[in-house]
Amino acid sequence: MALVHVIANLKGGVGKTTITVQLAAVVADAMGGTPEDSPVLGVSVDPQASMFEWATRVGDALPFDFEQCDSDPALLARMKEHAPYEHIFVDTPGSLNAPEVLATVLRQADDIIIPILPEVMSFSPAEQTIRFIEQITGAPWRILINNWMPGRHETDLEQTRAYLTARGWPSFHVAIRNYRLHARASAERMTVVNYSNNRVAREARSDFLRLGLEVLGRNGVGEPRHSHLATLEES
Ligand SMILES: Nc1ncnc2c1ncn2[C@@H]1O[C@H](COP(=O)(O)OP(=O)(O)O)[C@@H](O)[C@H]1O
Ligand SMILES: [Mg+2]
């Protein structure tokens, strides 16, 4: 049965869609996925459908399969059994307009990734998100700091890490840095696996490779079975 990874935060603009697409791409690519035969499925339950637009633009080069499904909780409830996939990454809306849809995917989650920005304004939506998640499921969740600007956000990163530690909130070791490449990727019909091979692109990609390793290596959810990710990270 597939492992379901849900990317959630009740606040918009924190990077849910960016992380879902890039993480699904990097994991699919590392597992040898091709557009014809991929062990990875991306699902969007966000009616705003930005993942759908991105996936459509990338088209044949998308290394994972994709489904937009924002209004059929009964179908979503069977996603895990129905799919011949090893990993399913689910992008969710930044609102509670359809709580039943979000609750349905959370009930199937093996783990939950909560992206936040390294700023104080992110803390209270994260707390609301955690409260909502914990009403629905006991699945493990972790905070992922996204859109960090090294140099400019150094203090913000430290303050955010300190806040997470003080709250006892588990978080990823990697913080995803801000790269214009990521913001441009959808318009450029790319995911992180199609970036060119220059230094900046390699650095931008390396954050998602590290994230992929952390997600697949999560205790209780399974060790990384495909060491190709580690190989990629070193290159
Ligand atoms: N690591 C990043 N580097 C650069 N831009 C980013 C990064 N993460 C997100 N963005 C940009 O921030 C905006 C919000 O991201 P998005 O993934 O759409 O958030 P959400 O799905 O939570 O609303 C988008 O314009 C996206 O391109
Ligand atoms: Mg989104």
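Just checking, does region 63-83 include any residue being within 29 Å of Glu134 (Cβ to Cβ), polar (S, T, N, Q) and in contact with a helix residue (DSSP H, G or I) (Cβ under 9 Å, 6 or more places away or on another chain)?
The answer is yes; a qualifying residue exists.
Which residue, of Arg161, Arg142, is of a type in the set (D, E, K, R), open to solvent by 10 Å² or more (accessible area, probe 1.4 Å) and outside any helix (DSSP H, G or I)? Break it down stepwise before answering.
Working: Arg161 fails: outside any helix (DSSP H, G or I).
The conditions single out Arg142.
Looking at region 31-38, is at least one residue touching a residue at least 24 places away in the same chain (Cβ under 8 Å), in a loop (DSSP other than H, G, I, E, B), among the β-branched types (Val, Ile, Thr) and under 27 Å from Pro170 (Cα atoms)?
Checked region 31-38: no residue is touching a residue at least 24 places away in the same chain (Cβ under 8 Å), in a loop (DSSP other than H, G, I, E, B), among the β-branched types (Val, Ile, Thr) and under 27 Å from Pro170 (Cα atoms).
For the condition surrounded by 15 or more Cβ atoms within 10 Å (Cβ to Cβ), under 15 Å from Leu209 (Cβ atoms) and more than 16 Å from ligand 1 (Cβ to nearest atom), what is the one hit in Ala28, Ala24?
On the way: Ala24 fails: more than 16 Å from ligand 1 (Cβ to nearest atom).
One residue alone meets the criteria, Ala28.
The rows are residues; the columns are (1) within 14 Å of ligand 1 (Cβ to nearest atom); (2) closer than 21 Å to Val26 by Cβ; (3) modelled with pLDDT under 95; (4) open to solvent by less than 20 Å² (accessible area, probe 1.4 Å).
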| position | (1), (2), (3), (4) |
| --- | --- |
| Gly168 | no, no, no, no |
| Ser171 | no, yes, no, no |
| Ala185 | yes, yes, no, yes |
| Val200 | yes, yes, no, no |
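For region 99-117, how many residues are in a loop (DSSP other than H, G, I, E, B) and within 11 Å of ligand 1 (Cβ to nearest atom)?
1
Give me the pairs: first residue in region 171-190 and more than 18 Å from Ile145 (Cα to Cα), second residue more than 6 Å from ligand 1 (Cβ to nearest atom) and assigned to a loop (DSSP other than H, G, I, E, B), beta-carbon distance under 7 Å, and six or more apart or on different chains, which are they?
Final answer for the pair search is Ala185/Thr191.
Please find, among Pro73, Pro118, Pro140, Pro125, the residue that is under 21 Å from Arg167 (Cβ atoms), in contact with a Ser or Thr (Cβ under 6 Å, 6 or more places away or on another chain) and of a type outside the set (Gly, Ala, Ser).
Every option except Pro118 fails the conditions.
Considering only residues that are touching a helix residue (DSSP H, G or I) at 6+ places or on another chain (Cβ under 6 Å), within 16 Å of ligand 2 (Cβ to nearest atom) and more than 22 Å from Arg107 (Cβ to Cβ), which ones fall in region 19-57?
Val21, Gln22, Ala25, Ser50, Trp54
Take region 39-55 and flag every residue that is in contact with a Leu (Cβ under 9 Å, 6 or more places away or on another chain) and either surrounded by fewer than 23 Cβ atoms within 10 Å (Cβ to Cβ) or without any contact (Cβ under 8 Å) to a residue 40 or more places away in the chain (or both).
If the condition is that a residue be in contact with a Leu (Cβ under 9 Å, 6 or more places away or on another chain) and either surrounded by fewer than 23 Cβ atoms within 10 Å (Cβ to Cβ) or without any contact (Cβ under 8 Å) to a residue 40 or more places away in the chain (or both), then Ala55 is the only one that fits.
Looking at region 1-18, which of the residues that are of a type outside the set (Val, Ile, Thr) and away from ligand 2 (no atom under 16 Å from the Cβ) is nearest to Ala139 (Cα to Cα)?
Checked region 1-18; the qualifying residue nearest to Ala139 (Cα to Cα) is Leu3.
If you scan region 77-98, which residues turn out to be more than 18 Å from the chain's Cα centre (by Cα), away from ligand 2 (no atom under 15 Å from the Cβ) and either touching a residue at least 12 places away in the same chain (Cβ under 8 Å) or in a loop (DSSP other than H, G, I, E, B) (or both)?
Ala77, Arg78, Glu81, Ala83, Pro84
The values are calculated or read from the model by the stated rules, or taken from the named source; none is laboratory data. Keep in mind the model is a prediction, meaning the values are calculated, not measured. Cβ sites come from the backbone with ideal geometry, for glycine too, and all protein chains shown count toward neighbours. Only protein heavy atoms, including side chains, enter the accessible area calculation; ligands, DNA and RNA are left aside. Shrake-Rupley method; radii C 1.70, N 1.55, O 1.52, S 1.80 Å.
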